[in-house]
Each structure stands twice: as C-alpha cells, then as structure tokens.
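Asks: After the structure tokens below, expect a handful of questions from me.
The values are calculated or read from the model by the stated rules, or taken from the named source; none is laboratory data. Because the structure is predicted, anything quoted here is derived from the model rather than measured. FYI the Cβ positions are ideal-geometry reconstructions off the backbone, even for glycines, and counts take in every protein chain you see. Note: accessible area is taken over every heavy atom of the protein model, side chains too, but ligands, DNA and RNA are not part of it. Shrake-Rupley method; radii C 1.70, N 1.55, O 1.52, S 1.80 Å.
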Amino acid sequence: MRVIITDDAKQAALEAAEIIISLIKRKPDCVLGLATGSTPIGLYEVLVEAFKSGEVSFSSVSTFNLDEYYDMSPEHHQSYRYFMDQHLFSKVDIKPENTFLPECSGKQSAEEVAKQYEMEIKRRGGIDLQLLGIGENGHIGFNEPGSSLASRTRLKTLTPNTLEANSRLFEDGEFQPTLAMTMGVGTIMDAKQVLILATGTNKSEAIGNMLLGSITSACPASILQMHPHVTAVIDRDASIDIENSDYFELSESNRRKL
Ligand code: PGA
C-alpha cells in the first residue's frame, strides 16, 4: 500500500485532490466513487478550486457515492445527496444525471435498489477510483465491523460507535437515522484504485489496524491489504499508531526521487 504522511489535514487534502485531478485529466470520463463526512470536505474544496481555475472539468465524469441514509429525502439537509450538492456537485460542471447515491425510500425494496446500484456501476464500466474515509471502528462506507468482506451494496444497521461519532452533526433532539444503504466491502474492492484519506488522532488506531493488523472483519478497512492499488493519505496525527511509519515516509520519499 502506498502511504503518504502529510504534516496536516490541509496538505492531506491537497495530496488526495492531486491524485483525483490527475485521473480526470488522464481519463475525462472516469467513474469516481465518492465519500461524505468531515474528512473529504477540504479535498472537495481543492477540486472546486481546480474546476474554477479551468484546470479540470467534470462534464464527462460519473460518480457513485458509498452510502446514503435509508428513507431520507434527497432534499433533507442531513442527506448525503444534500452534502454532495453543497460541497461539490453544485460547484462544478458535473451533470446531475451522472451522479449516483444508493438512495432508497421506505417505499422501495432495499434489495432492488441495491441490485440496480451495482448494475449501474457495472454499466458505466466500474469505478476507476474509490475515495474512502475510515471510521474510528475501522469501517469503510457503512460496512461496520462484522460486515462480510465479500459484501455487496445493501442496507446496514449502524453501530452505536458510529452513531456516537456522527452525533456531532445532528442538533439536540434532531432525528438521527440508524439505517443506511452502503456499497459492500466487495463493491469497494472491485474499484480499480482506492484512495483512503484520514486525519486526526481519533483515526490513528483504525489506520494502524488497516495497514499492519490482521485482515479481519473486525476492521473492515484491513481488507484493503488485499487490493493491488491503494493509496492512503494521512496526516501525522492519524499516523501515530503505525509501528514503522518511518519506513513508509522513506519509501514515499524514494518514490518521489525516482
Ligand atoms: P468522518 O467520517 O470523515 O466524518 O470522520 C469517516 C467515516 O466514518 O467513514
């Protein structure tokens, strides 16, 4: 796994954005897998700036988000569709019909929505690059510990740990969903390239387990050890539990010299 350790979160956003920008330049009609959460906000800001300066266009790009709360209207300010519109889609030239989230109203069959989502990804040629955050419990998407490492898109129940971590985003007394549709671990592993971004000391244990722990559904992100093309961009705070972080820094510095 390529590991890029940066001094701070801002630098991590720049490094990660650079990887996405160079992909779009190489393949203007690429298929991006996207993530929500606090972590990628800085990265999306860099992408928006790159669009505004004319460096990159999203006009032929398609996107598939990792997850969406179950039975939440796309207009709801807590929906991930709303988040994506706010941070990226409304600020660049992406075509709304090329943006997908696993949106499922309570009236639809979750199995059918999941099946259609997987089919649409295939129809567009598969995901070229999947952006991921990581949960404090090692989840990727909403694949909580105990998720099958071969899972596909489906409805998942969020763990108390995830609900607690995300409660900061909800007002006191505001309804916080406990169910979400999420790409499966297997869906994520099918992406041609994976870019995982993590910042802050609260992510350091999960990052340590992802990189050098056993491959186990107790830390779903650990399956990325089996993927041939993963880049982890992490700030120094998130790197403190990596036993041999010096080695990863040396390796990256050699890579840049060669
Ligand atoms: P965060 O979420 O970026 O808000 O920390 C990441 C995740 O839970 O996957």
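Asks: Quick one: in the range 112-125, of everything that is touching a strand residue (DSSP E or B) at 6+ places or on another chain (Cβ under 8 Å) and open to solvent by 10 Å² or more (accessible area, probe 1.4 Å), which residue is farthest from the ligand (Cβ to nearest atom)?
Replies: The first filter runs over the range 112-125 and keeps only residues touching a strand residue (DSSP E or B) at 6+ places or on another chain (Cβ under 8 Å), leaving 113-114, 117, 120-121, 124-125.
Next, only the ones that are open to solvent by 10 Å² or more (accessible area, probe 1.4 Å) stay: 113, 117, 120-121, 124-125.
Details: V113: 21, Y117: 18, E120: 22, I121: 19, R124: 23, G125: 25 Å.
That would be G125.
Asks: Select from the range 120-141 the residues that are among the acidic types (D, E) and more than 16 Å from the chain's Cα centre (by Cα) and list them in ascending order. Lay out the reasoning, then the answer.
Replies: Going through the range 120-141, the residues among the acidic types (D, E) turn out to be 120, 128, 136.
Selection gives E120 alone.
Asks: Report, by residue number, each residue of the range 153-162 that is surrounded by 16 or more Cβ atoms within 10 Å (Cβ to Cβ) and without any contact (Cβ under 8 Å) to a residue 40 or more places away in the chain.
Replies: The first filter runs over the range 153-162 and keeps only residues surrounded by 16 or more Cβ atoms within 10 Å (Cβ to Cβ), leaving 153-156, 158-159, 162.
Passing the criteria: K156, L158, T159, T162.
Asks: Looking only at the range 47-90, count how many residues are part of a loop (DSSP other than H, G, I, E, B), closer than 17 Å to A16 by Cβ and either open to solvent by less than 10 Å² (accessible area, probe 1.4 Å) or not charged (D, E, K, R) (or both).
Replies: To start, the set of residues in the range 47-90 that are part of a loop (DSSP other than H, G, I, E, B) comprises 53-61, 66, 70-79, 88.
Now drop any that are not closer than 17 Å to A16 by Cβ, which leaves 55-56, 58, 61, 66, 88.
Narrowing the set further to residues that are either open to solvent by less than 10 Å² (accessible area, probe 1.4 Å) or not charged (D, E, K, R) (or both) leaves 56, 58, 61, 66, 88.
Looking only at that region, the number is 5.
Asks: If we scan the range 197-210, do we find a residue that is assigned to a helix (DSSP H, G or I), of a type in the set (S, T, Y) and touching a residue at least 60 places away in the same chain (Cβ under 8 Å)? Give the steps one after another, and end with the answer.
Replies: Step one: of the range 197-210, the residues assigned to a helix (DSSP H, G or I) are 201-210.
Narrowing the set further to residues that are of a type in the set (S, T, Y) leaves 201, 204.
Those still in the list that are touching a residue at least 60 places away in the same chain (Cβ under 8 Å) too: none.
Looking through the range 197-210, none of the residues is assigned to a helix (DSSP H, G or I), of a type in the set (S, T, Y) and touching a residue at least 60 places away in the same chain (Cβ under 8 Å).
Asks: Of everything in the range 126-148, what is away from the ligand (no atom under 16 Å from the Cβ) and either at pLDDT below 95 or open to solvent by less than 50 Å² (accessible area, probe 1.4 Å) (or both)? Give them in sequence order.
Replies: G126, I127, D128, L129
Asks: Being within 16 Å of the ligand (Cβ to nearest atom), surrounded by 19 or more Cβ atoms within 10 Å (Cβ to Cβ) and not in a helix (DSSP H, G or I) is the filter here, so list the residues in the range 7-46 that pass it.
Replies: Within the range 7-46, G33, L34, A35, T36, T39, P40 meet the criteria.
Asks: For a quick check of your reading of the model, give me the residue pairs whose first member lies in the range 26-45 and is under 15 Å from N166 (Cβ atoms) and in contact (Cβ under 8 Å) with a residue 12 or more places away in the chain, whose second is of a type outside the set (D, E, K, R) and away from the ligand (no atom under 16 Å from the Cβ), with beta-carbon atoms closer than 7 Å and at least 6 apart or on different chains.
Replies: none
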